[in-house]
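Student: What follows is a structure written as structure tokens; I'll ask about it next.
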Amino acid sequence: MEKVRAKKHLGQHFLTDLGIAENIAKAVSGHRGMKKVLEIGPGMGVLTDFLLQENWDLYLVDIDKESIAYLNKKYSQLGDKIIEADFLEHDFGKVIDGEYIIAGNFPYNISSQIFFKVLSERNKVVEVVCMLQKEVAKRIASPHGNKEYGILSVLLQAFYDIEYLFTVPPDVFDPPPKVDSGVIRLRRNGVETLPCDEKLFFRVVKQGFSTRRKTLRNALKSMGLSEEMREDPILDKRAEQLSVQEFISLTNKLQASWKK
């Protein structure tokens, strides 16, 4: 079969190192006894081969027509589990019944958007094992107090336990990206709902990091801080200094101050 060309506009960098592909596949742990795995952007199936060896109930999604044609020939046994679609737009509830795992070598240009969709589907997505730009991978796994800690760190860590697994150099891809990649694993924690208004929590986190060098007192100014709230010592901190629990506490304090 002819090789699939990596397309720049799709952010494609095909992994060529079989050892790394095998390590990524082996990192999928089947959290909560789950067997269904959705691979995002399989390209020519380098990771797919190892996921099939691990006997997962595998679904593939790719937006690239050329990849889909290649995958349909190579994995004809998967039939309609090979889905030509934009992961960000597609409703997988119509295809995959119940909970599932996501795996893949994520396109750099949409990796953050993929995680925002994972957040919206967090009660279905029990585990994610993926490779993405190292800087983004580090940010997602970073604990509070680090410069790398940001919006996605807080929002994802509220619902997932996250581990940074290993770094991957550029020379094992075709074409090689300009930066290192990182592999991370997210496993759904026991939090069903946050002990605060979740929409407000998301807003506070995003607004808190909107001017990350400023204290939260300045960053959250536009949210209508009451006089009492402005005096709260938590607002002396910057967003990167707050843990998930402290952001929950801040959300509750803000909401209570508006009711007074």
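The values are calculated or read from the model by the stated rules, or taken from the named source; none is laboratory data. On a predicted model such as this, the values are computed, not experimentally measured, just so you know. So basically every Cβ, Gly included, is an ideal-geometry build from the backbone, and we count neighbours across all protein chains shown. Protein only, heavy atoms only, side chains kept; ligands, DNA and RNA dropped before computing areas. Shrake-Rupley method; radii C 1.70, N 1.55, O 1.52, S 1.80 Å.
Student: Spot the failing condition for L200; the list is (1) in contact with an Asp or Glu (Cβ under 6 Å, 6 or more places away or on another chain); (2) assigned to a helix (DSSP H, G or I), and only one is missed.
Tutor: Going through (1) in contact with an Asp or Glu (Cβ under 6 Å, 6 or more places away or on another chain); (2) assigned to a helix (DSSP H, G or I) one by one, L200 breaks only (1).
Student: I'm trying to understand the selection: among the residues of segment 122-144, which are open to solvent by less than 60 Å² (accessible area, probe 1.4 Å) and more than 23 Å from T211 (Cβ to Cβ)?
Tutor: Across segment 122-144, the qualifying residues are R122, V125, V126, E127, V128, V129, C130, M131, L132, Q133, A137, A141.
Student: Looking at segment 75-84, can you tell me whether even one residue there is basic (K, R), over 20 Å from L132 (Cβ atoms) and open to solvent by 70 Å² or more (accessible area, probe 1.4 Å)?
Tutor: Among the residues of segment 75-84, not one is basic (K, R), over 20 Å from L132 (Cβ atoms) and open to solvent by 70 Å² or more (accessible area, probe 1.4 Å), which makes the answer no.
Student: Oh, and also: Of the residues L60, L71, L52, which single one is more than 21 Å from the chain's Cα centre (by Cα) and buried (at least 21 other Cβ atoms within 10 Å of the Cβ)?
Tutor: The match here is L71.
Student: While we're looking at this one, here's another question. Run K81 past the list (1) in contact (Cβ under 8 Å) with a residue 60 or more places away in the chain; (2) out of contact with any Asp or Glu (no Cβ under 7 Å at 6 or more places or on another chain) and report the number of the one that doesn't hold.
Tutor: Condition not satisfied by K81: (1).
Student: Condition test on K147, is it modelled with pLDDT under 95, surrounded by fewer than 16 Cβ atoms within 10 Å (Cβ to Cβ), in contact with an Asp or Glu (Cβ under 7 Å, 6 or more places away or on another chain) and not in a helix (DSSP H, G or I)?
Tutor: yes
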